[in-house]
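Encoded as structure tokens, the structure appears first; notes follow it.
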Amino acid sequence: MRIALSWLRELCPVDLLPEDLADVLSVKGVHVEAVLRPWENLSGVVVARVLEVRDHPNSEKLCLARVSTGSGERELVVGVRNMGPGDLVPLAGPGARVPALPDPLGERKIRGVVSDGMLCSPRELGISADHGGILILSPDSEVGADVKRAFGLDDAVLDIEIEPNRPDLMSVLGVAREAAAATGVPLTPPDLSVPETDAKAEEEASVDVLDAERCPRYVARIVRGVSVGRSPIGVQARLTGAGMRPVSNVVDATNYAMLEIGQPLHPFDLATLVGRGIVVRRAGQGEVVVTLDDVERSLTAEDLVIADREKAVAIAGVIGTAPTEVGAGTRDVLLESAYFEPKGVIRTSRRLRLQTEASVRFGRGADPENPPRGADLAARLMAKWAGGSVLSGAIEAGQAPERRRVRVRPSRASFLLGHPVSSADVREVFDRLGAATTVVGPEEIEVEAPSYRVDLEREVDLVEEVVRVRGYDTLGTTLPGIRQAGGVAESYTLRRRAADALVRAGLRESISLSFASEADLRLMGHTAGVPVANPVSADDRFLRPSLVPNLLKALKRNLDRGVRSAALFEVGHVFALADPVSEREMASGALMGPAGSGLWRERREIDFFDAKGAVEALLEALSVGDFGLGDLSGEPLHPARSATVLVVGEPVGFVGELRPGVGEGLGFPGRVAVFEVDLTAVGRHAGQPVAYREVPRFPPIHRDLAFTVDETMAAEEIEGAIRAAGGDLVDSVELFDVFRGGPVPEGKKSLAFSVDFRAADRTLTDQEAEAAVEAIVGRLSERFGAELRTA
């Protein structure tokens, strides 16, 4: 909704600057998105009197106009000839600016004649879209006066965002009410007085409402003897500033009244109404009308129409029809002002895909008490601008419903707001909003909701009005009472630690929906899944039993977009059929492509060991002390490049590469490694978060130890024995070589470990390090029959 500031000040004469008023309204819940200045680039245009119009010597279409500004005369080349001697017109001389042109005007030679500026059309001044002729100003305009100041084009426009439940703000009066409540400046409603003739409207036309449910109220007024022409320039400017197209003085009167008080109206050419009567009825199935936009529309029996004695002449609450449109020959007007049931208007508007200013207002909920006011205001403006006479009285059918009465308890308001609210506070707020209040008990106040406030239905709505009008800044900053201990739940902490660990391991987080298709189930070897009663798509009919399929889809999308290397993970829930359904939290990952890039990076593909490293980083970050790998064989993993993840001997997941056939079937050209770890199971063995220690101050003593052991011996058992035998002096152990073949005997292998010895409080001596090495050699020899290699 766009409102000219000068228009708003006519109803609420606030003296705040536009930006300051916008801030005040926004704080009170009437959000002003922007302060616009449509005529900011208009300057130097003055009122001039036409002295002479004559033919252009070198053109049949152009003419020459000599004008006077009171201080001098100018000659201009003009493209149209709708002005004559004595007319007053807007003159933009050299140096002047108009909104329609980017640069200041200057002298131009046109067909051999110098034009000293130009005469302006309404479009060039930004008043309307009319570019058919020069704008003829009113005869009482002052020659030489600045057009911008004389016609209110120095105005600002407030661009207001209207919430769906506040249709009352779709009018100047509605926003003025809020400005008055926010600033304390008295509200001045528009003048609705109508000069009437002795002839009675009810003798000239009739109104019959055949569907009172869809049209509870209908008001018609008759304006006789209008002369259709242009509206005053200030009116056209306000309509344009509000985003509406000026049409004629008769039509503009209805649009102006709608914008001012929020009541949609429609003018009919009375001479085109068969039987000079209005019938409000349902449309016939397949009934066809040609609307004002010259589109032929087919209606259904669900649509409500305004008809004369023979045919439909408007779609109720949406748009009129072309045959009854007000035109240049119109002399008598029947003015419609009605209230239509919102849901019916919405259904018709959506079905026809036709949204108008009227349908938006009726659809959100117009004021049922407004039809007489709207009819009076529009009739008054029509008589003023088009010279018509308004017949006595109105033709009415139906009446407004009784106003809602809602009760509010100050004690309840205090509880909800966390701030003391008294009965006096409540009454003051609704007095400022113009709503009548009645004290019905020591702790209860009854508020008569105004007919234009369709959103005031419950007690909480009134509580919201109290805090909105008083100001959200009046609320204190108190904390609510908490019945449980603070902190993050243990399950959330575990998830956060897992996600952080995988990010540190070089993976990027992916988020997907919790659904899976039959193909996803088959991929992971599942024969059944948890069906979804109302799936988001026909394919994804199950809850996901694994995170891996969605991660593979994410990898494929990256590959299709030219990303050769990617490592993704997701932490989320999976589901399986149980009694009735089990839900577990998993951490899964998928990796593909080159392991690194650049001149100094190792040139290899991501493989099993990269995924294994991510799993180890995850379990170490969760402080899981006893974990390892076991054998795994099954779809979709490679039988020789996969393993089961074990924690305290319990299977908690898997890690491995996809079988080549599976990867190729999914569209991957190379290796793809995946893993999945059950965080619900791991959480039972997770320790405290990682504890940090000081950087060691004393240097380590390094030893490389190679042992000959049986081929079946696991390297992690040897590593554990080295740590146990070396005790506190062992700082780190890392396997760096596995060797088979001569001189190592057949059936044996060589495992080489890099061992660092360090003491936290001193520098170790060689003798201490050698003693630790001897203890390690003795332990491995005794327990595993291992021999220390010396060559």
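Couple of notes before you dig in:
- Being in a loop (DSSP other than H, G, I, E, B) and either open to solvent by less than 20 Å² (accessible area, probe 1.4 Å) or acidic (Asp, Glu) (or both) is a property that Glu664 lacks.
- The set of residues in segment 146-157 that are more than 13 Å from Gly241 (Cα to Cα) and open to solvent by less than 20 Å² (accessible area, probe 1.4 Å) contains only Val147.
- Going through (1) open to solvent by 20 Å² or more (accessible area, probe 1.4 Å); (2) closer than 24 Å to Leu273 by Cβ; (3) in contact (Cβ under 8 Å) with a residue 40 or more places away in the chain one by one, Thr356 falls short only on (3).
- Residues of segment 705-738 that turn out to be in contact with a Ser or Thr (Cβ under 6 Å, 6 or more places away or on another chain) and open to solvent by 80 Å² or more (accessible area, probe 1.4 Å), as a count: 2
- A count restricted to segment 359-373 and to residues that are touching a Ser or Thr at 6+ places or on another chain (Cβ under 8 Å), open to solvent by less than 20 Å² (accessible area, probe 1.4 Å) and in contact (Cβ under 8 Å) with a residue 60 or more places away in the chain stands at 4.
Yes/no per residue for (1) over 29 Å from Glu341 (Cα atoms); (2) at pLDDT below 95:
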position	(1), (2)
Ala180	yes, yes
Glu203	no, yes
Arg217	no, no
Pro232	yes, yes
Val235	yes, yes
Arg245	no, yes
Thr254	no, no
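- For segment 484-536, taking the residues that are open to solvent by 80 Å² or more (accessible area, probe 1.4 Å) and of a type in the set (Asp, Glu), the one that is modelled with the lowest pLDDT is identified as Glu490.
- Total residues in segment 17-27, condition over 21 Å from the mean Cα position of the chain (by Cα) and open to solvent by 30 Å² or more (accessible area, probe 1.4 Å): 5
Results for (1) free of Cβ contacts under 8 Å to residues at least 60 places away in the same chain; (2) touching a helix residue (DSSP H, G or I) at 6+ places or on another chain (Cβ under 6 Å); (3) surrounded by fewer than 21 Cβ atoms within 10 Å (Cβ to Cβ); (4) aliphatic (A, V, I, L, M), shown as yes or no for each residue.
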residue	(1), (2), (3), (4)
Asp159	no, no, yes, no
Ile162	no, yes, yes, yes
Leu173	no, yes, no, yes
Val185	no, no, yes, yes
Thr188	no, yes, yes, no
Asp191	no, no, yes, no
Glu196	no, no, yes, no
Ala199	no, no, yes, yes
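- In segment 443-475, the residues that are charged (D, E, K, R), in contact (Cβ under 8 Å) with a residue 40 or more places away in the chain and not in a loop (DSSP other than H, G, I, E, B): Glu446, Glu448, Glu459, Asp461, Arg468, Arg470, Asp473
- Across segment 694-704, a minimum of one residue is classified as open to solvent by less than 30 Å² (accessible area, probe 1.4 Å) and either modelled with pLDDT of 90 or more or over 29 Å from Val777 (Cβ atoms) (or both).
- If the condition is being touching a Pro at 6+ places or on another chain (Cβ under 8 Å) and either aliphatic (A, V, I, L, M) or assigned to a loop (DSSP other than H, G, I, E, B) (or both), then segment 208-222 contributes Pro216, Val219.
- Members of segment 27-57 found to be of a type in the set (A, V, I, L, M) and free of Cβ contacts under 8 Å to residues at least 40 places away in the same chain, listed by number: Val50, Leu51, Val53
- When we screen Ala100, Ala96, Ala48 for residues that are within 27 Å of Pro232 (Cα to Cα), within 37 Å of the chain's Cα centre (by Cα) and of a type in the set (Gly, Ala, Ser), the only hit is Ala100.
- Within segment 212-233, residues that are in contact (Cβ under 8 Å) with a residue 12 or more places away in the chain sit with their Cβ atoms under 6 Å from residues that are assigned to a strand (DSSP E or B) and polar (S, T, N, Q), at 6+ positions apart or across chains, in these pairs: Val219/Ser337; Arg224/Ser389; Gly225/Ser389.
- Arg149 fulfils the conditions (1) out of contact with any helix residue (DSSP H, G or I) (no Cβ under 6 Å at 6 or more places or on another chain); (2) at pLDDT 95 or above except for a single criterion, (2).
- Residue match in segment 624-632 (condition: at pLDDT 90 or above and loosely packed, with under 15 Cβ neighbours inside 10 Å): no
- Test for Val175: is it modelled with pLDDT of 90 or more, assigned to a loop (DSSP other than H, G, I, E, B), closer than 30 Å to Tyr452 by Cβ and among the hydrophobic types (A, V, I, L, M, F, W, C): no
- Between Leu51, Leu42, Leu101, the distinction of being aliphatic (A, V, I, L, M), under 22 Å from Asp155 (Cβ atoms) and open to solvent by 50 Å² or more (accessible area, probe 1.4 Å) belongs to Leu101 only.
- The number of residues in segment 289-310 being surrounded by fewer than 16 Cβ atoms within 10 Å (Cβ to Cβ) and over 24 Å from Val247 (Cα atoms) comes to 6.
- Residue count for segment 741-770, restricted to those that are exposed (fewer than 12 other Cβ atoms within 10 Å of the Cβ) and part of a helix (DSSP H, G or I): 2.
- Note on segment 551-566: residues that are surrounded by 22 or more Cβ atoms within 10 Å (Cβ to Cβ) and either assigned to a strand (DSSP E or B) or out of contact with any Phe, Trp or Tyr (no Cβ under 9 Å at 6 or more places or on another chain) (or both) total 0.
- Enumeration of residues in segment 76-93 that are over 22 Å from Lys148 (Cα atoms) and either over 55 Å from the mean Cα position of the chain (by Cα) or in a strand (DSSP E or B) (or both): Val77, Pro85
- Check on Asn534, of a type outside the set (Asp, Glu), within 29 Å of the chain's Cα centre (by Cα) and closer than 23 Å to Arg659 by Cα: no
- Residue in segment 276-288 that is nearest to the chain's Cα centre (by Cα), counting only those that are in contact (Cβ under 8 Å) with a residue 40 or more places away in the chain and open to solvent by 50 Å² or more (accessible area, probe 1.4 Å): Arg282
- Identity of the residue in segment 303-324, out of contact with any helix residue (DSSP H, G or I) (no Cβ under 8 Å at 6 or more places or on another chain) and of a type outside the set (S, T, N, Q), that ends up nearest to Pro267 (Cα to Cα): Gly320
- For Val24: the one exception among (1) within 30 Å of Pro139 (Cβ to Cβ); (2) touching a residue at least 60 places away in the same chain (Cβ under 8 Å); (3) part of a helix (DSSP H, G or I); (4) out of contact with any strand residue (DSSP E or B) (no Cβ under 8 Å at 6 or more places or on another chain): (1)
The values are calculated or read from the model by the stated rules, or taken from the named source; none is laboratory data. These numbers were taken from a predicted model, which means no experiment stands behind them. Cβ sites come from the backbone with ideal geometry, for glycine too, and all protein chains shown count toward neighbours. Surface areas here come from the heavy atoms of the whole protein model, side chains and all, with no ligands, DNA or RNA. Shrake-Rupley method; radii C 1.70, N 1.55, O 1.52, S 1.80 Å.
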